[in-house]
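Quick notes on the structure that follows.
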Amino acid sequence: MYEQPTFFEKEQSQPLAARIRPQTLEEYCGQKHLLGEGKVLRRLIESDNVGSMIFWGPPGVGKTTLARIIANRTKANFIDFSAVTSGIKEIKQVMEEAEKNRRFGGKTILFVDEIHRFNKAQQDAFLPFVERGSIILIGATTENPSFEVNGALLSRCKVFVLQPLKTEEICELLLRALTDARGFGGQKVEISDELVEAIANFANGDARSALSTLEMAVLNGTFDGEKTVVTAEDVEQCTSKKSLLYDKKGEEHYNLISALHKSMRNSDPDAAVYWLARMLEAGEDPLYVARRVTRFASEDVGLADPRALEIAVAAYQACHFIGMPECSVHLTQAVVYMSMAPKSNALYMAYESAKKDALNMLAEPVPLVIRNAPTKLMKELQYGKGYQYAHDSADKLTDMQCLPDSLLGKEYYRPTEEGLEARYKARLQEIKDWKKSRTEK
């Protein structure tokens, strides 16, 4: 059996992340969409029936750990292979052994970490052995396999997308590290739940980063008799982020997001970027900030600049793709754009006004003319009678009544003169004048 000698090493000299690495599916944190009870990947692992697959996800979410759990459970020959240190010679050597194993009825699972680092020639070397069934290939990558893995090889692999761990999942992992004998279970460590959560937030979905930070904090803690005490200052020192320890569920969290929102509303890009930096450097989830900016795009800019929403959604997607710290520049672009854009809250006011009427008049019937009539009975009850199809008219307009009788003439959307909304205001006035001229005839 070909196996790198460090694969199952468990010396205490190893980093905490390596010592506490989950050995079973029960210990594994996160990826419930793949590994929850009855989920496809869990069934494949438990039945020792895995096929060629690729784990795609950001660093520290458990790609290699999953491969090692498979190694612990499988009856196949398991080979751990690194794309960083291995070349064509090593690939051929492993393939020869796998082919020999196949002839004797054995299976070989080949785990390739960072498979995106292999060039085309190296990836091609795997292809005939995957096709022949000599090996079951399991690759791990932080890059989109659609771009980094050869199409022919990719078509023979099932891609499983691993997601960043949630804060509560990382907290669970950190607490286990503090009590497990493989971690700090052999020594008494005193650290508050708030600091554990702060470390989990700082890790931004990366379990390895969280465990490394915890390890540094414990090593830098104060030895007090039989216990080690970890303070806020210890954690702060390990992360170099003084503002990290603000409570994301408390007043300061809401103060900062309020400051960001109101700075953008006040068209102050400098203040907005400052408050953005305060939040991100405190360990705030960039996706949370991106969601708030997206809300702002429609609530405070709206049709004064319809592109604002596009910019906000694009920034959210960029944050989702690459995470912190790289996505800070995308959020900065969105925040500055929102600050500089013309402002209109007409859409917000329109909905709030309509919501009030909707809640007070829940029983208002839909006018018969705009009801659908899929059945004969509905047609007999005059559903849809007199409906006018706007596209059939020269002006693409009709004078058909669409509001209930009790709300006839009600206006919810009142456009401003700001930015592009001035055009929509003029267009709306044209529509209203046209309809008025028809009703006066």
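The values are calculated or read from the model by the stated rules, or taken from the named source; none is laboratory data. Everything quoted here is computed from the prediction, not taken from an experiment. As a convention, Cβ positions derive from the backbone with ideal geometry for all residues, glycine included, and neighbour counts pool all protein chains shown. Note: accessible area is taken over every heavy atom of the protein model, side chains too, but ligands, DNA and RNA are not part of it. Shrake-Rupley method; radii C 1.70, N 1.55, O 1.52, S 1.80 Å.
Using the Cβ-Cβ distance between Phe104 and Asn49 with R0 set to 25 Å, the FRET efficiency from 1/(1 + (r/R0)^6) comes to roughly 0.80. Here the 3J(HN,Hα) profile of the stretch 280-291, calculated from phi with Karplus coefficients 6.51, -1.76 and 1.60 at θ = phi - 60°, is 5, 6, 8, x, 5, 5, x, 5, 5, 4, 4, 5 Hz, Gly and Pro shown as x.
For the options Gly221, Gly384, Gly133, a Gaussian network treatment of the chain with springs between C-alpha atoms closer than 10 Å singles out Gly384 as fluctuating the most. Can you tell me the 0 to 90 degree angle between the C-alpha axis of helix 88-103 and the longest principal axis of the chain, rounded to 10? Taking the Cα atoms of the chain, the angle to 88-103 is about 80 degrees.
Subtracting the Cα-Cα distance of Lys410 and Arg291 from their residue separation scaled by 0.36 nm leaves 39.7 nm. Coupling constants for the stretch 395-406 follow from the phi torsions by the Karplus curve (6.51 cos²θ - 1.76 cosθ + 1.60, θ = phi - 60°), and in residue order they are 8, 6, 9, 9, 9, 5, 7, 10, 8, x, 3, 5 Hz; glycine and proline get x.
Between the Cα long axis of helix 346-360 and the first principal axis of the chain there is an angle of about 80°, rounded to the nearest 10. Count the net charge of all other residues whose Cβ sits under 11 Å from the Cβ of Pro164, scoring Lys and Arg as +1 and Asp and Glu as -1. Taking every other residue near Pro164 into account, the sum is -2. Comparing Val230, Thr74, Met378 along the charge dipole axis of the chain, the residue lying farthest to the positive side is Met378, per the Cβ-charge model.
Peptides 106-112, 387-393, 270-276, 299-305 ordered by packing proxy, namely the average of other Cβ atoms within 10 Å per residue, highest first: 299-305, 106-112, 270-276, 387-393.
Applying a 4.7 Å cutoff between beta carbons, the unpaired cysteines of the chain are Cys29, Cys157, Cys171, Cys238, Cys402.
For the stretch 127-144, the residues whose backbone nitrogen is under 19 Å from a point 7 Å from the Cα of Glu96, taken along Cα to Cβ, are 127-130, 134-135. Shape analysis of the stretch 130-209 yields a ratio of the Cα radius of gyration to the Kirkwood radius, Rg/Rh, of 1.19. Excluding ligands, DNA and RNA, the accessible surface per residue across the chain is 55 Å² with a 1.4 Å probe.
Note that the chain carries a Kirkwood radius of 26.9 Å, evaluated over its alpha carbons pair by pair.
Are any of the pairs Lys385/Lys425; Lys385/Lys432; Lys63/Lys188; Lys356/Lys379 more than 27 Å apart by Cα-Cα distance, and if so, which?
Values: Lys385/Lys425 32 Å; Lys385/Lys432 24 Å; Lys63/Lys188 31 Å; Lys356/Lys379 32 Å.
Check vs 27 Å cut-off fails for Lys385/Lys425; Lys63/Lys188; Lys356/Lys379.
For Tyr337, neighbours were defined as the other residues whose beta-carbon sits under 11 Å from its Cβ, and their charges (Lys and Arg +1, Asp and Glu -1) total -1.
A Cα-only calculation for the stretch 328-377 places Rg and Dmax at 20.4, 59 Å. Computed from point charges on the beta carbon alone (+1 for Lys and Arg, -1 for Asp and Glu), the dipole magnitude for the chain about its Cα centre is near 1840 Debye. Of the residues Pro306, Ile20, Cys157, the one whose Cα sits farthest toward the positive end of the charge dipole of the chain, with +1 on the Cβ of Lys and Arg and -1 on the Cβ of Asp and Glu, is Cys157.
Lys and Arg at +1, Asp and Glu at -1: add these up for the other residues within a Cβ distance under 11 Å of Ala217 and post the number. Result for the local shell: -4.
For every helix of n ≥ 4 consecutive DSSP H residues, a contribution of -39,500 (n - 2.57) applies; sum these over the chain, divide by its total residues, and give [θ] at 222 nm rounded to the nearest 500 deg cm²/dmol. Could the numbers behind the result be given before it?
Numbers: 20 runs with 216 residues, N = 441.
Per the formula, -14500 deg cm²/dmol.
Distances between every pair of Cα atoms in the stretch 260-327, grouped in 5 Å steps from 0 to the bin holding the largest one, split as 4, 19, 25, 28, 17, 6, 1 percent.
May I ask you to give the percent of accessible area on the chain that is carbon plus sulfur, with a probe radius of 1.4 Å? Display every interim value, and only then the final one.
Numbers: 12670 of 24060 Å².
With neighbouring chains kept in place, the figure for the chain is 53 percent.
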